[in-house]
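Okay, structure first, notes after.
The values are calculated or read from the model by the stated rules, or taken from the named source; none is laboratory data. Every value quoted in this text rests on a predicted model; they were computed, and no experiment measured them. When we count neighbours, we look across all protein chains shown, and the Cβ atoms used for this are built from the backbone with ideal geometry, even at glycine.
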Amino acid sequence: MNYEQYYQEMKKRLSDEEIAESALIPADLSEVERAESETAFQKLRFERLAQMTPAQKIYADLLQLRFQLEDYVSNPNFDPAKDFPSYLKSYIHIFRKNNKQFAADMDVHVSRLSRLLKGKEMPNIELMYRLELYSGELIPAILWWKLLSKKQEFEIQRNHEQRQLARARIKNAFSQSA
């Protein structure tokens, strides 16, 4: 159904004013018109971005990171490139601070922050609370926890070597056949 047919169908039930208020009917544009429209929109978008205050930019970037985190943790697939260190790097970058400044703000030793960023150390719950508070509670601690849990869940499901080592240390394990 093309847009004209759609409009005629709606006109049977609604007035023009009601249609205008309730529906967005895209225009049929030629390629040249579409390109001009996209260029104009992009220009307007960059003008608006240039007018944003630093706090507004941080707020927008934090919301974007939150939505990315929410989307990733709700997805059943695990991606090693989307681990805690990678999101923490993005988080720090949003505030336009270096690691030393960020560590001081968070009351974390800079060497511990370095280990966290390299994946050599796992964060504790207290750090996740601090990350939540540092973002003005835009990114909740539970979201950081779910991100960390996603990696742990993947490792538990795939680490057969550790499971075999654990099996060798167990005596008198329960068996249904006994």
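The table for this structure:
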read-out	value
Search result, residues across segment 102-139 that are more than 26 Å from ALA60 (Cα to Cα), outside any helix (DSSP H, G or I) and aliphatic (A, V, I, L, M)	MET122
Residue match in segment 63-78 (condition: closer than 15 Å to LEU148 by Cβ, crowded, with 17+ Cβ neighbours inside 10 Å, in contact with a helix residue (DSSP H, G or I) (Cβ under 6 Å, 6 or more places away or on another chain) and not basic (Lys, Arg))	yes
Candidate set from segment 141-178 (those that are small (Gly, Ala, Ser) and closer than 25 Å to LEU88 by Cα); member that is modelled with the lowest pLDDT	SER149
Pairs where the first residue, in segment 140-169, is within 13 Å of ARG66 (Cα to Cα) and part of a helix (DSSP H, G or I) and the second is at pLDDT 90 or above and β-branched (Val, Ile, Thr), C-beta under 6 Å, 6+ apart	LYS146/VAL73; LEU147/VAL73
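This table checks each residue for (1) in contact (Cβ under 8 Å) with a residue 24 or more places away in the chain; (2) farther than 22 Å from MET128 by Cβ; (3) outside any loop (DSSP other than H, G, I, E, B); (4) more than 13 Å from the chain's Cα centre (by Cα).
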residue	(1), (2), (3), (4)
GLU4	no, yes, yes, yes
LEU29	no, yes, no, yes
GLU33	no, yes, yes, yes
GLU36	no, yes, yes, yes
LEU63	yes, no, yes, no
SER90	yes, no, yes, no
